[in-house]
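The values are calculated or read from the model by the stated rules, or taken from the named source; none is laboratory data. Here the structure is a predicted model, which means the values were calculated and not measured. Every residue, glycine among them, receives a Cβ derived from its backbone with ideal geometry; neighbour counts consider all protein chains shown.
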Amino acid sequence: MADASPGQQTLDIARRRRAMAAFAIADTAVLAAGWRAIGGSMRATALRGPEAGLVMLRGRIGGGGAPFNLGEASVTRATVRLGSGEVGHAMVLGRDLARAELAAILDAAFQRPEWRERIGAEIVEPVLAAQAQDDRQRAEETQATRVDFFTVVRGED
């Protein structure tokens, strides 16, 4: 990536960010099956974790109010290095160590030009399409129960 143009580097970063988001929301079984399907047999060395911990979630009232601590969420993070040198990172919600490690491995593999398109087509796009479908279905279910409230102004002078 060092010899790529600034525009290409920006595109590569955006593609990797999209892939990492897909790896973070995918189930462990989906990640494992995808890694096996692309012929992923490259050895990965753990640089950090996988390890579980907590992160503080912050919220705002009305989107513009002062931030406040909403609560904590369990997360698992991992960093790995493939035998070819690429370093992958992952952080996933929950305490699934295998899921975080697989997500980090796939992030590292995604950086290899010869695997990028295949990982994108066989793992990233299906995961994101399934998430979009789930989001649409949830929005439709929510819309079906929506109640519109209105106020009638009485003519009291």
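Does Arg154 satisfy the condition of being farther than 14 Å from Ala44 by Cβ, at pLDDT 90 or above and out of contact with any strand residue (DSSP E or B) (no Cβ under 6 Å at 6 or more places or on another chain)? Explain how you work it out, then say what you get.
Numbers: farther than 14 Å from Ala44 by Cβ: yes; at pLDDT 90 or above: no; out of contact with any strand residue (DSSP E or B) (no Cβ under 6 Å at 6 or more places or on another chain): yes.
No: the conditions fail for Arg154.
Give the number of residues within segment 57-73 that are under 22 Å from the mean Cα position of the chain (by Cα) and either more than 30 Å from Gln111 (Cβ to Cβ) or part of a loop (DSSP other than H, G, I, E, B) (or both). If you could, list the steps in order and put the result at the bottom.
Just the residues of segment 57-73 that are under 22 Å from the mean Cα position of the chain (by Cα), to begin with: 57-59, 70-73.
Subset that is either more than 30 Å from Gln111 (Cβ to Cβ) or part of a loop (DSSP other than H, G, I, E, B) (or both): 58-59, 70-72.
Residues that pass the stated criteria total 5.
I want to confirm something. Restricting to segment 1-48 and keeping residues that are among the hydroxyl-bearing types (Ser, Thr, Tyr) and either closer than 18 Å to Glu86 by Cβ or not in a helix (DSSP H, G or I) (or both), which single residue is modelled with the lowest pLDDT?
So in segment 1-48, the residues among the hydroxyl-bearing types (Ser, Thr, Tyr) come out as 5, 10, 28, 41, 45.
Among the residues that remain, those that are also either closer than 18 Å to Glu86 by Cβ or not in a helix (DSSP H, G or I) (or both) are: 5, 41, 45.
On the way: Ser5: 80, Ser41: 75, Thr45: 91.
Among those that are among the hydroxyl-bearing types (Ser, Thr, Tyr) and either closer than 18 Å to Glu86 by Cβ or not in a helix (DSSP H, G or I) (or both), it is Ser41.
Does segment 119-144 hold any residues that are surrounded by 11 or more Cβ atoms within 10 Å (Cβ to Cβ) and over 14 Å from Arg16 (Cα atoms), and which are they?
Correct list: Glu122, Pro126, Val127, Ala129, Ala130, Gln131, Asp134.
Condition first: of a type outside the set (A, V, I, L, M) and either under 14 Å from the mean Cα position of the chain (by Cα) or surrounded by 12 or more Cβ atoms within 10 Å (Cβ to Cβ) (or both). Now tell me which residues in segment 1-24 satisfy that.
Gln9, Asp12, Arg15, Arg16, Arg17, Arg18, Phe23
List pairs: first in segment 78-99 and at pLDDT 95 or above and of a type in the set (S, T, N, Q), second surrounded by fewer than 21 Cβ atoms within 10 Å (Cβ to Cβ) and part of a strand (DSSP E or B), Cβ under 6 Å, 6+ apart or cross-chain?
Cβ pairs passing all conditions: Thr79/Leu47; Thr79/Arg48; Thr79/His89.
Would a scan of segment 25-46 turn up a residue that is more than 15 Å from the chain's Cα centre (by Cα) and more than 22 Å from Glu117 (Cα to Cα)? Full working, then the answer.
Taking segment 25-46 as the starting set, the residues that turn out to be more than 15 Å from the chain's Cα centre (by Cα) are 29, 32-46.
With more than 22 Å from Glu117 (Cα to Cα) added as a condition, the list becomes 45-46.
For segment 25-46, residues more than 15 Å from the chain's Cα centre (by Cα) and more than 22 Å from Glu117 (Cα to Cα): present.
Can you tell me which residues in segment 115-128 are aliphatic (A, V, I, L, M) and within 17 Å of Thr28 (Cα to Cα)?
We begin by selecting, within segment 115-128, every residue aliphatic (A, V, I, L, M); these are 119, 121, 123-124, 127-128.
Result: Ile119, Ile123, Val124, Val127, Leu128.
In segment 86-116, how many residues are surrounded by fewer than 18 Cβ atoms within 10 Å (Cβ to Cβ), among the basic types (Lys, Arg) and in contact with a helix residue (DSSP H, G or I) (Cβ under 7 Å, 6 or more places away or on another chain)?
Result for segment 86-116: 1.
What are the residues in segment 53-67 that are within 23 Å of Val92 (Cα to Cα) and exposed (fewer than 10 other Cβ atoms within 10 Å of the Cβ), if any?
Met56 - this is the single residue of segment 53-67 that is within 23 Å of Val92 (Cα to Cα) and exposed (fewer than 10 other Cβ atoms within 10 Å of the Cβ).
Inspect all residues belonging to segment 7-22 and state whether any of them is touching a residue at least 60 places away in the same chain (Cβ under 8 Å) and more than 17 Å from Leu102 (Cβ to Cβ). Write out each step before concluding.
Just the residues of segment 7-22 that are touching a residue at least 60 places away in the same chain (Cβ under 8 Å), to begin with: 15-16, 18-22.
If we keep only those that are more than 17 Å from Leu102 (Cβ to Cβ) too, we end up with 15, 18.
Taking every residue of segment 7-22 in turn, at least one turns out to be touching a residue at least 60 places away in the same chain (Cβ under 8 Å) and more than 17 Å from Leu102 (Cβ to Cβ).
For segment 83-111, enumerate the residues that are of a type in the set (Gly, Ala, Ser), more than 17 Å from Arg15 (Cα to Cα) and not in a loop (DSSP other than H, G, I, E, B).
Residues satisfying the conditions are Ala98, Ala100.
Quick one: Thr76 ticks every box in (1) in a strand (DSSP E or B); (2) polar (S, T, N, Q); (3) farther than 26 Å from Gln133 by Cβ bar one, so which box is it?
Of (1) in a strand (DSSP E or B); (2) polar (S, T, N, Q); (3) farther than 26 Å from Gln133 by Cβ, only one is false for Thr76: (3).
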